[in-house]
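Some notes on the structure that comes next.
The values are calculated or read from the model by the stated rules, or taken from the named source; none is laboratory data. Keep in mind that what you see is a predicted model, and the values were worked out from it rather than measured. Neighbour counts run over all protein chains shown; Cβ positions are idealised from the backbone, glycine included. Each accessible area value is taken on the protein alone, full model and side chains, heavy atoms only, with ligands, DNA and RNA left out. Shrake-Rupley method; radii C 1.70, N 1.55, O 1.52, S 1.80 Å.
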Amino acid sequence: MLKKERQAYILHKLDLHNKVVNTSLCTDMGVSEDTVRRDLQELSQAGKLIKVHGGALSLAFNEVRFDSSNVYSQSKKVRIAEKAIRLIQNNMYVLTSGGTTILEMAKQLPPQLKATFITGSIPALNVYITHPNINVVVVGDKVNKVARITVGASALSKIREVNADLCFLGTNAIDLQRGITDNDWEVVELKKAMVAASAKTVCLAISEKLNSFEALQVCVLKQIDYLITELDPDDPLLQPYVAAGITVL
């Protein structure tokens, strides 16, 4: 790949996943780690990403409060959020992971909703606490600075005490063979606990993430009750997931 192609690929991966890891980029592009480091350095100097140890973050993570002006495919994520909130009813207990689609859902919760939201996502918490009627429960004490979410033994222990009605997962990748996958071990363990603690699991994903996979499995398809994308439920791309028994919205 030419440098221009490599850097375009890196930025697209950041758009999709909000973070990239050097070793994965080396494998994906078939180049050395030195080449990846130089590309990340150039992109950082150009103000297009945030270079961190072992990889890079999206510019959306440049502020303490999540910068929505840098959210990739925001209009699609808003559409997903509009569908997702229809599943939430008064008095429900709702677990949510992190991610930009979860954040869009948080922003659109109707003011009259009375429910309890349980999360460790720092950006989502910033929105939840402004809602007039929902109760907010924070899990964990260790913060994963890349994902902006609490992780570790304390978070897992608290989640395992919950009997949630719904679990909303911001999704990095989903395919028919591997189910939902991710590339951050701590986040994967957190999501696994959320799925186990919930009566229903809802996967939120822009269609670009369908039929893709990462290294670590969160859950298999049969553990997913709902799949919500920006597409019409009758779209041909979604029909294999319908055939697998998932309710597609």
Filter result (of a type in the set (S, T, N, Q), touching a residue at least 40 places away in the same chain (Cβ under 8 Å) and in a strand (DSSP E or B)) within the stretch 89-127
T96
Taking the stated definitions as given, is G140 of a type in the set (G, A, S), over 21 Å from S207 (Cβ atoms) and at pLDDT below 95?
yes
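Kindly indicate the residue of the stretch 146-163 that is under 19 Å from the mean Cα position of the chain (by Cα) and of a type in the set (A, V, I, L, M, F, W, C) and also most open to solvent (accessible area, probe 1.4 Å) among those meeting that condition.
Residue satisfying both the conditions and the ranking: V146.
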Could you tell me whether any residue of the stretch 219-242 is part of a strand (DSSP E or B), farther than 19 Å from E82 by Cβ and at pLDDT 95 or above?
yes
Report yes if some residue within the stretch 142-149 is of a type in the set (A, V, I, L, M, F, W, C) and more than 22 Å from G55 (Cβ to Cβ); otherwise report no.
no
Please count how many residues of the stretch 1-38 are open to solvent by 50 Å² or more (accessible area, probe 1.4 Å) and in a helix (DSSP H, G or I).
15
All but one of (1) in contact with a helix residue (DSSP H, G or I) (Cβ under 7 Å, 6 or more places away or on another chain); (2) closer than 22 Å to L59 by Cα; (3) open to solvent by 50 Å² or more (accessible area, probe 1.4 Å); (4) not β-branched (V, I, T) hold for D141; which doesn't?
(2)
Within the stretch 205-218, restricting attention to residues that are part of a loop (DSSP other than H, G, I, E, B) and open to solvent by less than 30 Å² (accessible area, probe 1.4 Å), which residue is nearest to I159 (Cα to Cα)?
A205
Those residues of the stretch 105-119 that are farther than 10 Å from H131 by Cβ and open to solvent by less than 10 Å² (accessible area, probe 1.4 Å) come to a total of 3
If we keep just the residues of the stretch 82-99 that are in contact with a helix residue (DSSP H, G or I) (Cβ under 8 Å, 6 or more places away or on another chain) and open to solvent by less than 10 Å² (accessible area, probe 1.4 Å), which is farthest from A147 (Cα to Cα)?
A84
Mind telling me which of the residues S212, S154 ends up being in contact with a Ser or Thr (Cβ under 9 Å, 6 or more places away or on another chain), modelled with pLDDT under 95 and among the hydroxyl-bearing types (S, T, Y)?
S212
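Quickly run through the stretch 181-228 and pick out the residues that are β-branched (V, I, T) and touching an Asp or Glu at 6+ places or on another chain (Cβ under 8 Å).
Result: T181, V188, T201, V202, I206, V218.
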